[in-house]
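Here the structure is laid out as C-alpha cells; the discussion comes afterwards.
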Amino acid sequence: MSTPHEPRLARVAAIVADPARSRMLAYLLSGEYASASELAKTASVTPATASGHLGQLLDARFVVCEPRGRHRYYRLADAEVAHALEALALIAERDVHDRAWAHPERKRLRFARCCYGHLAGQLAVTVFDALQREERLTSATDGYELTEAGIQWLQGLGMNPGSPSGRRRFAYRCLDWSERRDHLAGQLADEIYQHFTKAGWLRRAAGRAVEVTDSGEQELLPRLSADAT
C-alpha cells in the first residue's frame, strides 16, 4: 500500500504511456516551439485528438503554451521535463541499445543532436570531456563553474562565455540518451551550442539531428581531437 511520502509516479507514467503524447513529447525535445498542427502530424492524429492530448500535457505541466495571434505554440515546460524524457528513453532501450543505434538515421542522432537548447550525443560528450580536463571546470553547489583555464579554452574557440544569469543553473551534468555518459547542460551548454552554430561549425538537420559543416570539420573537430591527446 502506498504512502503519501512516496513519489507520485502513476500520473506521470500514464501521460507518457500514450503513443501519441509520447511522439509529441519526443518532437519537442529540441526545446523549440511547435504548433498544434505540427504536433498532430507528428503524432499521426487528427487536430481535434491532438488538442485533447495537448490539454492533458498542459494540465500535467509537461508543456507550456504561447498564443500568437490565432495560433497556439507549444514547447516542453522546462529542462527537467527534457531530462526525464531522455532518461526514460535510455531505460526503454537499455536491452536493445546497440541494435537501436545501428540504423543510419539513429547514427546521425547519436553523433550530434539538439537536447532542449544544448548539444547532445557523441560530440557533446567530447566537448564535456574537454571541459573537465586541466581544471577547466570546478564544482559548485548546483553543478559547475568555469575556471580561468576554462574561460581561456573557450576563448580559444572564439567564444566569450557569459556570467551566470541566476535565472537558471549555469552548468551541470545531463545523462546522454545514446552514449549512457554525461554531457553538459545549463546556461553554459546552451551558449556553447549557439556559438558553434553561429561560427558555422554546426547546423540543424532533419528533426533534432545536428550536422558538422565543412568548416566544423576543418576548425572544430581538429581542436577537440588535439585536446584529447
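The values are calculated or read from the model by the stated rules, or taken from the named source; none is laboratory data. The shown structure was predicted, so the numbers you read here are calculated from the model rather than taken from an experiment. Note: ideal-geometry Cβ built from the backbone for every residue, glycine included; neighbour counts use all protein chains shown. Remember, those area values only see protein heavy atoms, side chains included, never the ligands or the DNA or RNA. Shrake-Rupley method; radii C 1.70, N 1.55, O 1.52, S 1.80 Å.
Side notes on the structure shown:
- A residue that is outside any helix (DSSP H, G or I), at pLDDT 85 or above and open to solvent by 80 Å² or more (accessible area, probe 1.4 Å) occurs somewhere in region 72-87.
- Restricting attention to region 52-62 and to residues that are part of a helix (DSSP H, G or I), of a type outside the set (S, T, N, Q) and in contact with a helix residue (DSSP H, G or I) (Cβ under 8 Å, 6 or more places away or on another chain), the residue that is most open to solvent (accessible area, probe 1.4 Å) turns out to be His53.
- Taken over region 27-43, the residue count meeting the criterion of being of a type in the set (A, V, I, L, M) and either more than 17 Å from Arg75 (Cβ to Cβ) or open to solvent by 10 Å² or more (accessible area, probe 1.4 Å) (or both) is 2.
- 2 or more residues closer than 15 Å to Ala120 by Cα and open to solvent by less than 40 Å² (accessible area, probe 1.4 Å): qualifying strands (runs of 3 or more DSSP E) within region 171-229: 172-175, 182-185, 210-212
- Residue in region 180-189 that is of a type outside the set (Gly, Ala, Ser), modelled with pLDDT of 95 or more and farther than 18 Å from Arg113 by Cα present: no
- Residue selected from region 100-124 under the condition part of a loop (DSSP other than H, G, I, E, B) and either at pLDDT 90 or above or open to solvent by less than 60 Å² (accessible area, probe 1.4 Å) (or both), by the criterion farthest from Arg75 (Cα to Cα): Ala102
A quick yes/no check of all residues on (1) open to solvent by 60 Å² or more (accessible area, probe 1.4 Å); (2) touching a helix residue (DSSP H, G or I) at 6+ places or on another chain (Cβ under 7 Å); (3) within 23 Å of Arg180 (Cβ to Cβ); (4) not in a helix (DSSP H, G or I):
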residue: Leu25; (1), (2), (3), (4): no, yes, yes, no
residue: Val45; (1), (2), (3), (4): no, yes, no, yes
residue: Ala50; (1), (2), (3), (4): no, yes, no, no
residue: Val64; (1), (2), (3), (4): no, no, no, yes
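- Residue that is surrounded by the fewest Cβ atoms within 10 Å (Cβ to Cβ), among those in region 125-168 that are out of contact with any Lys or Arg (no Cβ under 7 Å at 6 or more places or on another chain), polar (S, T, N, Q) and outside any strand (DSSP E or B): Thr141
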